[in-house]
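All remarks here apply to the structure that follows.
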Amino acid sequence: IAHETIVRLADTVSGHEPNTKRMSLETFILAAELEEIVATANVRLADMSNGRYRLQHSDERVGNAAAGLGINIFDTFTSKARPAHSLSGGETFLASLALALGLAEVVTNRAGGVRLDTLFIDEGFGSLDPETLQTAMQTLDELRSGGRTVGIISHVEAMKEEIPAQLRVEVASDGSSDIITR
């Protein structure tokens, strides 16, 4: 009987029957961490979306996939939760930025107050409408004002005009690259 108990425990911890969620112990622990990141990210997302969106951790199974690491978005305009993949490009960008900042804050708290002072963002700005771009820039400027270094990699002209300190990579006539500071 001890053998059967150990096998059942091993199966449960591995995410197999009788574990109805198909969630391994590792995924369960990661899900708990994700919940904390989501809660922290929601503070930023509320500001960036004027209170419209709230991230929700989901441990629901989708099809045959293991459960535990899903994220839905609650939309206060409709009072319904929906899959995160249903967000527009700009909304996805803001949710992703909020999650990145939430992760940085959780890591900082876990590291005994050691701050993650540098954030690099590459891609996504071209998909933003002017209003969302302004919201993103305002958020990034607040981070910079709070003592963080924010590096942005972008081809969006409106951003180039607003960013005071820049490193620009330009292709020289011989095909090499030059770095120009501004």
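General remarks:
- GNM on the chain, alpha-carbon springs under 10 angstrom: the most fluctuating residue among THR27, THR40, THR12 is THR12.
- Span-like helix ranges in the chain, DSSP H, alpha carbon extent 20 angstrom or more, Kyte mean at least -0.5: 25-48, 89-110
- Potential lengthening between SER177 and ILE29 on full extension [0.36 nm per residue; Cα-Cα distance subtracted]: 48.7 nm
- Amide H to amide H distances under 5 Å link LEU119 with THR149, VAL150, GLY151, where only residues 5 or more positions off or on other chains count and H is placed in the peptide plane.
- Surface per residue (accessible, 1.4 Å probe) for segment 1-66, Å²: 68
- For segment 163-182 and segment 87-113, distance of Cα centres in Å: 30
- Size of electric dipole in the chain: Cβ of Lys, Arg +1 and of Asp, Glu -1, about Cα centre, debye, nearest 20: 460
- With every protein chain in place, segment 87-182: carbon and sulfur % of accessible area (1.4 Å): 53
The values are calculated or read from the model by the stated rules, or taken from the named source; none is laboratory data. This structure is a prediction, so every number in the text was calculated from the model and none was measured. Don't worry about glycine lacking a Cβ; one is built from the backbone with ideal geometry, like all the others, and counts go over all protein chains shown. The protein model used for the area step is the full one, side chains on, heavy atoms only, and it has no ligands, DNA or RNA in it. Shrake-Rupley method; radii C 1.70, N 1.55, O 1.52, S 1.80 Å.
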